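Taking it in order: structure first as structure tokens, then the write-up.
Since every read-out is calculated from the coordinates, none of them should be taken as a lab result. Predicted, not measured: the structure shown is a model, and the values here were computed from it. Heads up, the Cβs are rebuilt from the backbone with ideal geometry, glycines too, and the neighbour counts pull from every protein chain shown.
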Amino acid sequence: MDVENQNPDSEFPFWKPIPRRFQPDSPFFAIGNLERELLVKQVALELTEEKEQLEDLIQEDVREVFCPIVGCGARLASMEDFENHYNARHTASCSVCFRVYPTSRLLSIHVSEAHDSFFQAKVARGYDMYECLVEGCGLKFKSYKSRHQHLVDKHKFPTSFEFFKKALPSKKHRMKSQRKKPSHSHKEDTSGMMEVENAAIDDLVSAVSKLNTSDSTPSSISFGRRNPKGMTFVPRAVQHGKGSNSDSSVTKR
Amino acid sequence: MADPGFSSTKRDPIKSSVGNAAGIRRREHAVTVGKERRESLVRAKRLCRVGISDVEVDVESDMMIDEEQSILESQTSLAVQNLKSALAYQGKGAMQKRVGALQKLRRLLSRSEFPPVESALKAGAVAILAQCLSFGSPDEQLLEAAWCLTNIAAGNPEETKALLPALPLLIAHLGEKSSSPVAEQCAWALGNVAGDDEELRNVLLIQGALIPLARMMLPYRRSTVRTAAWALSNLIKGPNPKAANELICVDGVLDAIVRHLTKADDESATEVAWVVVYLSALSNIATSMLVKSDVLQLLVNRLATSNSLQLMIPVLRSLGNLIAGDSHATYTVLSPGLAVTDNAIQVMIKCLKSEQRVLKKEAAWVLSNIAAGSVEHKQLIYSSEAVPLLLHLLSAAPFDIRKEVAYILGNLCVAPTKGDEKSSLILEHLVSLVEKGCLPGFIDLVRSADIEAARLGLQFIELVLRGMPNGKGPKLVEQEDGIEAMERFQFHENEDLRTMANSLVDKYFGEDYGLDEL
């Protein structure tokens, strides 16, 4: 399918119906070639029962697949195996905002950055809180933007990459319908405040920074309990580090 | 190429019971040699076990006991030595002595699934056998020598290269003055030499093997045509198109192809069809000439009347190559409205219904190329019984078939584009296919690990998002978990796919999506 560049604003390669031709040694024809040779020898060697086993054995190599998720590269025996692998390893979903991440590490980074006011408080105080997303790099940054720049410069991420993407409509639907349920009695305002997508991060930071950040005083914000698995705010004295809150909110599909 | 029916009539009753046990032992031995066996089975080479079909040959005058491979190997060395001394002998009965020695060697090389090629080569068989091929030698001698070389040539490429000294002689005996069985046995040997190695193919071409082999396809004698066509298919398979280009230009070849595709028995037609496969895949000249003759029609007829998988594979593929290679095929020969076009589609449906994976896959490919034709072609396919079958295959078939079916369905929904114009949708087909439930199948492809399939899926989703009337597209995609499928690409290593998926999500599922419904 050819790439069309007629629309300046969109680079999408639209479906173009064109005939496809293959060279005789193309893998596309491998099954047929194999069948040809086996059929001929079948007569001479009384292969019948074995033939299927042989076909399977030889075709197995062809179906092997490597996981395309960045940093994974797992080798899988077949397409079905890939699907299982993906569901097992790459669908960590946030129970707060339903965003999905391909690894639990990224999910936990997301939760800290998006749903943890403690995290934001530290940011406001100038700590390097934004971790590089590439496992093993270890660098941390003061702002989302500088971390982004690092990803682009050092790790060749595309400039359009957004770790913190706007929430997708299906999630919006779910969240809005959740809010409407009368059985839950949580504060609409605080849940609104907690919903980071609607507020610019800067706003949140400035709001949080207005809080009393002394060690012994817990924040007056309470995070709405939208669902039983939602985060409860734990006083700083009890927390063991930025990752702790995220444990309660991690769910795997 | 072996003919088990022939050998059973020749076997002695005593030996047949021994032969059965030997067969079992042979099979056990073979299974334990797993990888080697797989390789040898997959090779484009064929052992000659019982010789050319209508030649009276003394096949089994020895007891056919299955030997340990090592015993076979040592016996082979001895047989070669024996042959050397027989050649040296000049006295009375020299000819019989030579033929006897050749037969002994030939039998050793024809028994096991793994002929003792290595020991034969080590003992210097090639030089001796080349001597036996000298001009003026009696036919029986030539036949046995060529037979030995045939099976020696069935080894791996390194071993086969040792046959270089004998090649010019084998080629020489293809000539029209040779007796048919001798020429045929030499063709068989050369087919094995050409089978798996491009270098050897080039050597044979430079030494002039093409034209004499091509001539052997012309006469009517069945087994000659069959063997010569098979050897030719190995010789021209490329990837260099030169041989294919030359072959189609040899006088009488095109006519012979047409004749055999029309009249020949299944086995001969099979080998001729493989020649057409390589001609149509490699040579544009050949493709054009074949399309202009009646070959498309003949291929369609063969597919309609045959149920032999052996025959259907190359016939189907030839059709596929011709349609893919020459637009004239689709637009002129298979013009909508003509009977041949209806038959072609019917025959593809027959293959799609078959149990055989290769037939389903390649028929879907052919249909996808027809569906890439004119709007009338798309309508023709759309209104045939293909669609329900395709929808079923899209959800239930193995991956590679699903991918081909996806190409068909997508091609049905998009009108032919001229140059760089934006493609316009055939709404009737798109709406109907989506309503019939094709979307989940495409979204599955988006989720797969295969780049091409994912791309295809995303492109189809774009059609749905853009084209479904009343803006129903996004909702439909969401319902089938299409958004989740597209989200997967955020961390995908392929940048194109990431960009494609992101652009769709940004465009159709932006901030305003769904707001008006609440």
Directionally averaged projected area (convex hull, Cα atoms, the range B:146-200), nm²: 3.3
Charge sum, other residues only, whose C-beta stays under 15 Å from B:K122's C-beta, Lys/Arg counted +1 and Asp/Glu -1: -2
Degrees between helix B:399-413 axis and first principal axis of chain B (Cα, 0 to 90, nearest 10): 50
P(r) histogram, all alpha-carbon pairs of the range B:328-456 included - 5 Å bins from 0, percent: 2, 11, 21, 23, 22, 14, 6, 1, 0
Volume per residue that the Cα convex hull of the range B:280-374 spans, once the total is divided by residue count, Å³: 83
Cα point-scatterer Debye curve for the range B:398-518, base-10 log of I(q)/I(0) at q = 0.19 Å⁻¹: -1.07
Cα-based Rg of chain B normalised by 2.2 N^0.38 Å, two decimals: 1.21
Cα-based equivalent ellipsoid, the range B:93-223: semi-axes from gyration tensor eigenvalues, Å: 21, 19, 13
Centroid-to-centroid separation of the range B:283-313 and the range B:434-495 [C-alpha atoms, Å]: 37
Value of D in µm² per second that Stokes-Einstein yields for the range B:222-289, Kirkwood Rh from Cα pairs, at 4 °C (1.567 mPa s): 111
Cα principal axis extents for the range B:175-305, largest first, Å: 36, 31, 24
Per-residue [θ]222 nm for chain B (sum of -39500 (n - 2.57) over DSSP H runs n ≥ 4, rounded to 500): -21000 deg cm²/dmol
Residue order, fewest to most surrounding Cβ atoms within 10 angstrom, among B:I152, B:I349, B:I206, B:I483: B:I206, B:I349, B:I483, B:I152
In nm, spacing of pseudo-spin labels at B:E452 and B:K263 (7 Å Cα→C-beta vector): 4.1
Local electrostatic count at B:L210 - Lys and Arg +1, Asp and Glu -1, tallied over other residues with Cβ under 12 Å: +2
